[in-house]
Amino acid sequence: VVINVPAQEVITRDNVTLKVNAVVYFRVMHPETSIIEVFDYRVATFQFAQTTLRNVLGQSDLDELLTQREKLNTRLREIIDAGTEPWGIKVSMVEIKDVELPQPMQRAMAAQAEAERERRGKIIHAEGEFQASQQLANAAAIIASQPGALQLRYLQTLTTIATEKTNTIVFPIPIDLLTAITAKLREAPATPSNPKPPA
């Protein structure tokens, strides 16, 4: 036998008002007992299921109701089965069907979920920046230990950006090189522009 328990207005342990409905599956194991012990076993089971649903969910938090529904279903089945066993009824399954949240609570939960996604995104971005900075620091240490590594890296970069013919490359000359050339020119002896022929 299947009984649909209509939506019950429940206040959870963390003071959230919501509506929850459920379905109860049971069998009449002893017909004579179910007729003698109660006037109408269907109505009695229905009323007991309603009361149990409100009591159990009233002792649970909203997060528990949303994430641990199987645990609550098992608890409801055990309580209802224990209460209807003297009537010759065996409850085989209880399922919470729908949980209706008020609109303000839905908006608050959506905002909370969005904030959580943003927090995770920022953490992932920060971790990526940290790992990139570590790799750059390692690369800088290696380049600093080898004098020619920086020049080779510089030439490799020029090769990479010179693949297109439309690119214009401004080739900077190191100041140290210009200083060395200027010093060499100053050290060279002056040569007259019109040397006299030997006598």
Length gain on complete extension for the stretch Val16 to Glu95, per 0.36 nm per residue less the alpha carbon to alpha carbon distance?
26.4 nm
Taking a spot 7 Å from the Cα of Glu64 along the direction of its beta carbon, which residues of the stretch 92-136 have an amide N less than 17 Å from it?
96
Determine the dipole magnitude for the stretch 1-75: charges of +1 sit on the beta-carbon of Lys and Arg, -1 on that of Asp and Glu, nothing else is charged, the reference point is the Cα centre, and the result goes in debye to the nearest 20.
100
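What does the convex hull of the Cα atoms come to per residue for the chain, in Å³?
Cα-based convex hull of the chain, divided per residue, equals 283 Å³.
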Could you tell me which of Pro102, Pro6, Thr182 has its Cα farthest along the dipole of the chain towards the positive end, charges placed at Cβ (Lys, Arg +1; Asp, Glu -1), taken about the Cα centre?
Thr182
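Between Glu129 and Asp40, take the C-beta separation as r, use R0 = 45 Å, and let me know the FRET efficiency to the nearest 0.05.
The calculated FRET efficiency here is 0.05.
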What is the distance, in nm, between label points placed 7 Å from the Cα along the Cα-to-Cβ direction at Thr51 and at Arg153?
7.9
Using only Cα atoms, find the angle between the long axis of helix 69-84 and the longest principal axis of the chain, and express it within 0 to 90 degrees, rounded to the nearest 10.
10
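Taking loop as defined by DSSP and a crowding limit of 11 other beta carbons within 10 Å, which chymotrypsin sites (Phe, Trp or Tyr not before Pro) in the stretch 1-72 fit?
Filter output for the stretch 1-72: Phe39.
Want the number for Ile161 to Ala111: 0.36 nm per residue separation, take away the alpha-carbon distance, what's left?
Here the segment from Ile161 to Ala111 would lengthen by 13.4 nm.
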Calculate what fraction, in whole %, of the accessible area of the stretch 13-88 sits on carbon and sulfur atoms when a 1.4 Å probe is rolled over the protein chains.
51
With the other protein chains left in place, how much accessible area per residue, in square angstrom, belongs to the stretch 1-77 at a 1.4 angstrom probe?
58
Let me know the charge dipole size of the chain about its Cα centre in debye, to the nearest 20, where only the beta-carbon of Lys, Arg (+1) and Asp, Glu (-1) is charged.
1200
If I build a Gaussian network model for the chain, linking alpha-carbon pairs within less than 10 angstrom, which residue out of Leu62, Leu72, Leu136 has the largest mean-square fluctuation?
Leu136
So, in the chain, how many Lys pairs have Cα atoms under 28 Å apart, if the pair is 8 or more places apart or on different chains?
6
Given the DSSP H assignment, sum -39500 (n - 2.57) over each helix run of at least 4 residues in the chain and divide by its residue total; what's the result at 222 nm in deg cm²/dmol, nearest 500?
-20000 deg cm²/dmol
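The values are calculated or read from the model by the stated rules, or taken from the named source; none is laboratory data. Predicted model, so just to flag it, every value in this text is computed and none were measured. All Cβ positions, even for glycine, are placed from backbone atoms using ideal geometry, and neighbour counts span all protein chains on display. All accessible areas refer to the heavy atoms of the entire protein, side chains included, with ligands and DNA or RNA removed. Shrake-Rupley method; radii C 1.70, N 1.55, O 1.52, S 1.80 Å.
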